[in-house]
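The values are calculated or read from the model by the stated rules, or taken from the named source; none is laboratory data. Because the structure is predicted, anything quoted here is derived from the model rather than measured. Using ideal geometry, Cβ is built from the backbone for each residue, glycine included, and neighbour counts are taken over all protein chains shown.
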Amino acid sequence: MKALSHKAKKSQRTVYPGADEQVRAFYQKLAQKWGPQHWWPAETPFEVIVGAVLTQNTSWTNVERAMASLRQAKVLSIEGIRNITAAQLEPLVRSSGYFRQKAQRLKDFVAFVDARYGGSLGRMFATPTAELRVALLEQKGIGMETADSILLYAGLHAIFVVDAYTRRILERHGVLDASAKYDDVRLLVEGALAREVIPSPPAEPDFDTRPKIHAPSTMSRARQSERVGVYNEMHGLLVQVGKHYCHKQGPECDRCPLTEFLSAQQRARVQIARKK
Ligand code: SF4
């Protein structure tokens, strides 16, 4: 399984000097305090794909409800989605919002796997990372975050998933500019963590700051390389920071484990954002 090339140049205008060191320091601090986060909560690669499609524009709690309905109806599999009509699928995914569109996206995804890979996810994920990423991005409704979630968490390809939390945290700490392109951020994190290792559970986790973590799942245990594990963990750790501390409004810097990396000037800027 090959990682995408890091040779693509990072934009000098949107990723600031010292960015690599800062990203590395964030990973080491969070991994040491909180340990493994056990993403993604799924039993099969197809469950990851369904979750990645359904989670667009909604909370994970709503996705879990839809997944439970799909499981109960015994259609949470590639065969299941293939053999059900879009009209039958819609009520099952209603809780995830945009249910007509999402039901059609799931049907379209299975049609894509059938047409291009003979219905085999194994064959699909055996495709080189860059080639498969292009193919996924050609599918309607699959943007970079969804494509990379599928590659990393379902296919165990070494690629980092950039989301709104990643951008907000890195931007607030002066690592990058708000206009940084998705792939600039992805390449920054992948390069910065190229030599890091999967965290071991800390002897003394920081229970004061560590949010609740998922129980290990079949997919979270199915790591195949150090890179996959590190990108998996970094995404999970940043999601926890974004969800529980680095809120869009009202960030809780004083309690956040990344507070020591925030300069006085950055803190003042964040606090101004807090008052808006
Ligand atoms: S909450 Fe504050 S300290 Fe934590 S990541 Fe956000 S800006 Fe940084």
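Here are the numbers for this structure:
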| item | result |
| --- | --- |
| Checking Gly35 against (1) without any contact (Cβ under 8 Å) to a residue 60 or more places away in the chain; (2) at positive phi, the condition it does not meet | (1) |
| Helices (runs of 4 or more DSSP H) contained in segment 31-92 and holding at least 1 residues surrounded by fewer than 16 Cβ atoms within 10 Å (Cβ to Cβ) | 60-72, 78-82, 86-92 |
| Qualifying residue in segment 211-222 (condition: under 17 Å from Ala25 (Cα atoms) and buried (at least 16 other Cβ atoms within 10 Å of the Cβ)) | no |
| Complete set of residues in segment 244-276 that are away from the ligand (no atom under 11 Å from the Cβ) and in contact with a helix residue (DSSP H, G or I) (Cβ under 8 Å, 6 or more places away or on another chain) | Gln249 |
| Selection count, segment 179-210, where residues are closer than 15 Å to Trp34 by Cβ and under 17 Å from the mean Cα position of the chain (by Cα) | 1 |
| Any helices (runs of 4 or more DSSP H) falling wholly within segment 126-174 and containing at least 1 residues that are closer than 18 Å to Ser59 by Cα and either out of contact with any helix residue (DSSP H, G or I) (no Cβ under 7 Å at 6 or more places or on another chain) or not assigned by TED's automatic domain parsing to the domain that holds Leu262 (or both) | 144-149, 164-172 |
| Residue check for Val197: of a type in the set (Val, Ile, Thr) and within 16 Å of the ligand (Cβ to nearest atom) | no |
| Within segment 220-238, considering residues that are among the hydrophobic types (A, V, I, L, M, F, W, C) and either at pLDDT 95 or above or touching a Ser or Thr at 6+ places or on another chain (Cβ under 7 Å) (or both), the one farthest from the ligand (Cβ to nearest atom) | Val228 |
